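Just below is one structure, and these are the notes that go with it.
The values are calculated or read from the model by the stated rules, or taken from the named source; none is laboratory data. Computed from a predicted structure; not experimentally measured. Backbone-built Cβ (ideal geometry, glycine too); neighbour counts: all protein chains shown. SASA here: full protein model, heavy atoms, side chains in, ligands and nucleic acids out. Shrake-Rupley method; radii C 1.70, N 1.55, O 1.52, S 1.80 Å.
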Amino acid sequence: MRYKMKRLLIVAQLLVLAITSYSQGIKPGAILVGERVPIAEFHNVINYPSKTLKFVDHEPKLTILDVWSTACKGCIEAWPKMLKLQKEFGNDLQIILVNMYEDEKVVKDFLALRKKINGIEMNLPIVCGDSAVWKPFGRIGVPRYYWIDTNGVLASVTHGPYVTSENIRKWITTGPFEMEQIIEEFYSVKGNKPIFVDGNGGMGRGYAFIWSSSLTKSQPDIFGTTLEYSDPFKGYGLCVTGGDISTLYSTAYNDRLSPDSFLTWVHGSRLHVEARDTLMYYGYVNGIRTNAPMFNYQLIAGRALDRPGLQKTMREDLDRYFGLSATWEKRQKKCLVISMFDPMKAQAKSKMRQNYVGEEFVALDSVKVDQVIFFMEQGSFFYDKRPIVNETNFKGLLTGIKFEANSKDIKQFDKGLSKFGMHIKEEMREVDVLVLREPE
């Protein structure tokens, strides 16, 4: 179990995932909640009788603009729900999908692929790359949902969990009501400067900190990140922002990392919490926000420390405050076991120079098997409870691997891998699990 903001892990090869939960903010002059939507019609519309969709042609009690892109996993996962809601409320509701960034061909190709892989046919009206949308809405992150009342006034801008049958029924019955709005402006934190001190150490005061470690309550407008830095000129340290307790501990105790890999947390499939209320340790469960507190941890070291040294200090700080015991233990679990039967097939001549494990598409090139597992864990297997185990005994690089498959269907995923000399099966294995325990 992990929270979505963790997908903003600063890894160059994973930047394609950032759009799933990253908000870039609204530019000055863009429409605000309470204002009338200044658009009379949408252009470049598909799944609709004409290329133009005029607001006056529809007078529902509620219009929801679902802003999405093909790279947004959360957007696509919500499609079955959106189709169900439209069918449930009929003429009282009009859901319009708005893709501000991609043209009609890209969208249609993606719809065809989605139908082929998952059998889901998206037949709601879709606006494709309409430049007229940019001025009133600005360059925004996805997913997000604009709730527009019968008078054409923007009443709410929310995330997906608020788009429910109960909320829509309440809106249709009693009119607009207050919901938690998307925060339009985020503030990044520089990992090698003190957090929340004089504008993050401005005015030249950062030199005063020779050694500093801090644990602060996180704020809703702070990105979730895991940063590590090691520089003889700028200092040594690490910084975890917007993390729940399990994230802090699983970062500090993650000693299974290779020297050339990025610092990250232990995947949820290898983490177990034994506590009176486990929800207090997980900020997000299957993408839904819990009531668990979120924190920032920062360590700035004025002398050279390697990664194990930084993690050791972080563990000591966490133990002082939270007092949990953390141990690696052997546990029997259902696992996804990757094996190899033909190494030659795993080394195709074609090189794509990309690495991505998505819900419908896989592209891997010049990576080790352990790196593939990393991309799986940070991609479409993010919430999977089964540890991924490498039993290939292959030390070389995988190249030219590319196939389409529904990652939630392991048989289909295995079929795609088999073309490149590998298998993935669900089997029981004894694996290392990081166990967090409350004190008795």
Exercise. Binning every alpha carbon pair distance of region 35-95 at 5 Å from zero, what are the percents per bin?
Worked result: 4, 14, 21, 26, 23, 11, 1
Exercise. List the aspartates and glutamates whose alpha-carbon lies under 17 Å from that of residue 51, not counting same-chain residues fewer than 8 positions away?
Worked result: 41, 102, 103, 104, 130
For this session: For residue 422, list long-range residues whose amide hydrogen, built 1.01 Å from N in the peptide plane, is under 5 Å from its own amide hydrogen.
Result: 341
Exercise. So how far, in whole Å, is the C-alpha centre of region 364-440 from the one of region 292-349?
Worked result: 17
Exercise. For residue 327 and residue 153 in one chain, what is 0.36 nm times their gap in residues minus the Cα-Cα distance, to one decimal in nm?
Worked result: 57.2 nm
Exercise. Ignoring ligands, DNA and RNA, what percent of the accessible area of region 318-386 is carbon or sulfur (1.4 Å)?
Worked result: 50
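Under 8 Å for C-alpha pairs, at least 6 residues apart: give me the relative contact order for region 324-440, rounded to a whole percent.
Across region 324-440, relative contact order equals 46 percent.
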Exercise. Taking only protein heavy atoms and a 1.4 Å probe, what accessible area per residue, in Å², does region 59-132 have with all protein chains in place?
Worked result: 42
Exercise. Ignoring ligands, DNA and RNA, how do 360, 166, 426 rank by accessible area with a 1.4 Å probe, largest first?
Worked result: 166, 426, 360
For this session: Give me the accessible area per residue for region 332-440, probe 1.4 Å, as a whole number in Å².
Result: 49
Exercise. Put +1 on the Cβ of every Lys and Arg and -1 on every Asp and Glu Cβ in the chain; which of 323, 98, 252 then has its Cα farthest towards the positive end of the dipole?
Worked result: 252
For this session: Count the DSSP beta bridges whose two residues both fall in the chain, then state the antiparallel fraction as a percent rounded to the nearest 5.
Result: 75
Problem set entry | Distance (nanometres) between label positions extended 7 Å along Cα→Cβ at residue 438 and residue 112 | 5.5
For this session: Just the ratio, please: alpha-carbon radius of gyration of region 107-264 over 2.2 N^0.38 Å, N its number of residues.
Result: 1.48
Exercise. Going down the table (368/408; 193/217; 190/402; 73/190; 84/334; 61/105), which pairs top 25 Å between alpha carbons?
Worked result: 190/402; 73/190; 84/334; 61/105
Exercise. What cysteines in the chain have no other cysteine with a beta carbon less than 4.7 Å from their beta carbon?
Worked result: 128, 239, 335
Exercise. Heavy-atom accessible area of residue 84 with all protein chains present, probe 1.4 Å, nearest 10 Å²?
Worked result: 150
Exercise. Which one, (i) 34, 22, 21; (ii) 39, 30, 21; (iii) 35, 31, 21, gives semi-axes √(5λ) of the Cα gyration tensor in Å as derived from the coordinates shown?
Worked result: (ii)
